[in-house]
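The values are calculated or read from the model by the stated rules, or taken from the named source; none is laboratory data. Here the structure is a predicted model, which is why all the values come from computation and not from measurement. Don't worry about glycine lacking a Cβ; one is built from the backbone with ideal geometry, like all the others, and counts go over all protein chains shown.
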Amino acid sequence: MVRVILAPARTLFAIVSLVVTTLILGMYVIALVRVSPRSRHVTGLMRLWARVFLFGTGTRVSVEGLDRISPHASYVFCGNHISNIDIPVMIGRLPVSVRFLAKKELFGVPVLGHAMRSIHMVETDRTAGPMAHREINDQVARVVSEGLSLVIYPEGTRSRNAEMMPFKKGAFRIAIDNAMPIVPVVITGSEKVWRPGSKLILGGRVRLVIHDPIPTAGLTQADIVDLRDRVRSVVERKYEEIRVR
């Protein structure tokens, strides 16, 4: 009840802090990358942006399984997607520098879009057909060459009811093409912090569980479906075990 009463004020505070932080850090990142394209400070600035937003929304995050991944390796993180809060959770709490596949509309937002391009976020256009796959592959190759990791939500969009949806093949094709280990991840609680479709942010606890990486070296396109099903099974089993309905 208290969370609901405080939600309008919390939402306003979170939005104002997000806008201000995005403008300040976004412009700084754009300038920084022009001077030093491979600056290590970019990761710290991204985490600062994410943690300011999490603080503003009243989101408290617990992370399990950090010891399962190396901060010096590159991975493809795949898991369920139940809220917009999932993105700052992953940016702010993973021990590696991550980039996302983001829809093209976000790249049209002033400052934010320019900043996203400058740090190699991957732009996707679902209406572009075969050309989109080539564009994505080129952008992913740039991310890999920089020694970064990718976060891909294989459901393709947020679940509206917190139930897991079918996994698409794209994330697993990218992992195999680039011989990047896939790390299954599970998020719970974020749909209660900021419900899909809701304008109000309630705050609360989010739990992020990181599983052991699954190697993809030596796999081929013929292994995509098996890999997809294996990852989904890991995510679904843990999600159903720990989620609070």
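Of everything in segment 72-97, what is surrounded by fewer than 23 Cβ atoms within 10 Å (Cβ to Cβ), under 28 Å from Leu202 (Cβ atoms) and β-branched (Val, Ile, Thr)? Give them in sequence order.
Result: Ile87, Ile91.
Let me spell it out: the conditions are (1) surrounded by fewer than 20 Cβ atoms within 10 Å (Cβ to Cβ); (2) part of a helix (DSSP H, G or I); (3) small (Gly, Ala, Ser), and Ser62 meets all of them except one. Which number is the exception?
Tallying (1) surrounded by fewer than 20 Cβ atoms within 10 Å (Cβ to Cβ); (2) part of a helix (DSSP H, G or I); (3) small (Gly, Ala, Ser), Ser62 fails exactly one: (2).
Look through segment 132-145, keep the residues that are surrounded by 15 or more Cβ atoms within 10 Å (Cβ to Cβ) and at pLDDT 85 or above, and return whichever of them is nearest to Gly92 (Cα to Cα).
My answer is Val143.
Just one of (1) of a type in the set (Lys, Arg); (2) surrounded by 15 or more Cβ atoms within 10 Å (Cβ to Cβ); (3) under 27 Å from Ile174 (Cβ atoms) trips up Arg237, so point out which.
Here Arg237 clears every test but (2).
Quick check: is even one residue across segment 190-206 buried (at least 19 other Cβ atoms within 10 Å of the Cβ), more than 13 Å from Gly79 (Cβ to Cβ) and without any contact (Cβ under 8 Å) to a residue 60 or more places away in the chain?
Among the residues of segment 190-206, not one is buried (at least 19 other Cβ atoms within 10 Å of the Cβ), more than 13 Å from Gly79 (Cβ to Cβ) and without any contact (Cβ under 8 Å) to a residue 60 or more places away in the chain, which makes the answer no.
Taking segment 8-24, which residues are touching a helix residue (DSSP H, G or I) at 6+ places or on another chain (Cβ under 6 Å) and under 11 Å from Leu202 (Cα atoms)?
Residue satisfying the conditions is Ala14 alone.
Report, by residue number, each residue of segment 108-131 that is hydrophobic (A, V, I, L, M, F, W, C) and either at pLDDT 90 or above or under 23 Å from Arg232 (Cβ atoms) (or both).
Those that are hydrophobic (A, V, I, L, M, F, W, C) and either at pLDDT 90 or above or under 23 Å from Arg232 (Cβ atoms) (or both): Val109, Val111, Leu112, Ala115, Met116, Ile119, Met121, Val122.
Answer with yes or no whether Met46 is loosely packed, with under 14 Cβ neighbours inside 10 Å and part of a helix (DSSP H, G or I). Talk me through it step by step, then tell me what you get.
Working: loosely packed, with under 14 Cβ neighbours inside 10 Å: no; part of a helix (DSSP H, G or I): yes.
Answer is no for this residue.
Please pick out the residue among Ile87, Ile91, Ile82 that is touching a strand residue (DSSP E or B) at 6+ places or on another chain (Cβ under 8 Å), assigned to a loop (DSSP other than H, G, I, E, B), under 20 Å from Leu54 (Cβ atoms) and of a type outside the set (S, T, N, Q).
The unique qualifying residue is Ile82.
Suppose we filter segment 106-127 for residues that are in a loop (DSSP other than H, G, I, E, B) and either touching a Lys or Arg at 6+ places or on another chain (Cβ under 9 Å) or hydroxyl-bearing (Ser, Thr, Tyr) (or both); how many remain?
Of the residues in segment 106-127, 6 are in a loop (DSSP other than H, G, I, E, B) and either touching a Lys or Arg at 6+ places or on another chain (Cβ under 9 Å) or hydroxyl-bearing (Ser, Thr, Tyr) (or both).
Suppose the filter is under 27 Å from Tyr28 (Cα atoms), part of a strand (DSSP E or B) and modelled with pLDDT of 90 or more; does Arg99 pass it?
yes
Can you list residue pairs whose Cβ atoms sit under 7 Å apart, with the first residue in segment 137-166 being in contact (Cβ under 8 Å) with a residue 60 or more places away in the chain and closer than 19 Å to Glu240 by Cα and the second being among the hydrophobic types (A, V, I, L, M, F, W, C) and in a helix (DSSP H, G or I)? Count only pairs 6 or more apart in sequence or on different chains.
Pro154/Ala171
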